[in-house]
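Down below is the structure, laid out as structure tokens.
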Amino acid sequence: DGGITQSPKYLFRKEGQNVTLSCEQNLNHDAMYWYRQDPGQGLRLIYYSQIVNDFQKGDIAEGYSVSREKKESFPLTVTSAQKNPTAFYLCASSISSGTGSPGANVLTFGAGSRLTVL
Amino acid sequence: AQSVTQLGSHVSVSEGALVLLRCNYSSSVPPYLFWYVQYPNQGLQLLLKYTSAATLVKGINGFEAEFKKSETSFHLTKPSAHMSDAAEYFCAVSDRGYGNKLVFGAGTILRVKS
């Protein structure tokens, strides 16, 4: 079945360490997204990519980095510059089928990765 | 910029009672609107979406939502709550057009009492 795989599901990190969260999709979607979820704050967009080798900052990009070398993969690195990295991270993808297509705005989500800084 | 407000961070209903989760958006033109559900420690799943045409949208698991332009609202309802409906629900909005980003509300946790 097609879907999005995030790994690891749980991750512990010491302060000052960089960590990379994996996101792989086999839906043939062009666009991919990373969201951060904190209790009571909903989902906030970190980075998104609408095509391979291109990505844009979201609302809270500071302290994070991404790459999009393959259509299927969109890894997120949480760097030591992120002051409060403990959170639940969600990867999502969507089709890109042209102007005005509502399908381009429908997100499919992975199961998430929970990062805890010790 | 688009924004969405969900009234009530927690809603509690009895099993079999009506479920009403409120969502208001800010936009100068009718946007696309979505409701997603999240079960503990899982990703989000699409319940329903409003993109055009019919203002009453039916989704999965017996949920529906009505787009009211005059009230800038997109409230989610279900006639009879089931224990399995206990989850967190997110309203989201995006501008019309290709690849526009979704903006999510803060979420409403639904508790269903037996």
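Taken together, the values in this text are just the output of simple stated rules run on the coordinates, not laboratory data. This one's a predicted model, so the numbers in the text were calculated from it and none came from an experiment. Please note: Cβ atoms are built from the backbone with ideal geometry, for glycine as well, and neighbour counts cover all protein chains shown.
The relative contact order of the range B:29-87 comes to 25 percent, based on Cα pairs under 8 Å that sit 6 or more residues apart. Students often forget the sequence filter, so: which lysines lie under 19 Å Cα-Cα from residue B:69 once same-chain residues fewer than 8 apart are removed? Qualifying lysines at Cα under 19 Å: B:49, B:58. How large is Rg over Rh for chain B, taking Rg from the Cα atoms and Rh as the Kirkwood inverse mean of 1/r across Cα pairs? With Rg and the Kirkwood Rh in hand, the quotient comes to 0.96. Computed from point charges on the beta carbon alone (+1 for Lys and Arg, -1 for Asp and Glu), the dipole magnitude for chain B about its Cα centre is near 120 Debye.
Here the gap between residue B:53 and residue B:39, fully extended at 0.36 nm per residue and compared with their Cα-Cα distance, gives a gain of 2.0 nm.
With each label modelled as a point 7 angstrom along the Cα→C-beta vector, the residue A:80-residue A:111 pair spans 3.2 nm.
When only Cα pairs under 8 Å and 6 or more residues apart are kept, what is the percent relative contact order across the range B:15-61? Let's see the in-between values first.
On the way: 38 pairs, mean separation 12.3, N = 47.
Worked out over the range B:15-61, it gives 26 percent.
Averaging the sequence gap over all C-alpha pairs within less than 8 Å and six or more residues apart, then dividing by the number of residues, gives chain A a relative contact order of 34 percent.
The overall shape of the range B:28-94 is prolate: from the C-alpha gyration tensor, with semi-axes ordered a ≥ b ≥ c, the ratio a/c is 1.5 or greater and a/b exceeds b/c. At what distance in nm do the modelled label points of residue B:20 and residue A:70 sit from each other, each positioned 7 Å from its Cα along Cα→Cβ? Placing both labels 7 Å beyond Cα along the Cβ direction yields 5.0 nm.
What size of dipole, in debye to the nearest 20, comes out for the range A:21-116 about its Cα centre when the only charges are +1 on Lys and Arg C-beta atoms and -1 on Asp and Glu C-beta atoms? Working shown, then result.
Values: 8 positive and 8 negative charges, 35 e Å.
That gives the range A:21-116 a dipole magnitude of about 160 debye.
Kindly identify the range A:4-118 as rounded, prolate or oblate by the Cα gyration tensor criterion: order the square roots of the eigenvalues as a ≥ b ≥ c, call it rounded if a/c is under 1.5, otherwise compare a/b with b/c, prolate if a/b is larger, else oblate. Intermediate values should be presented prior to the final figure.
Numbers: a/c = 1.86, a/b = 1.76, b/c = 1.06.
Prolate shape, in that a/c is at least 1.5 and a/b is the bigger ratio.
Residue by residue along A:107-113, Cβ atoms of other protein chains within 10 Å of the local Cβ number 5 on average. As a proxy for reagent exposure, A:38, A:54, B:95 were ordered by neighbouring Cβ count within 10 angstrom, fewest first; the result is A:54, A:38, B:95. The fewest-to-most ranking of B:47, B:56 by surrounding Cβ atoms within 10 Å reads B:56, B:47. Listing A:32, B:83 from fewest to most neighbouring C-beta atoms within 10 Å gives B:83, A:32. Put a dot 7 Å past the Cα of residue A:20, heading toward its Cβ, do the same for residue A:62, and the two dots end up 2.6 nm apart.
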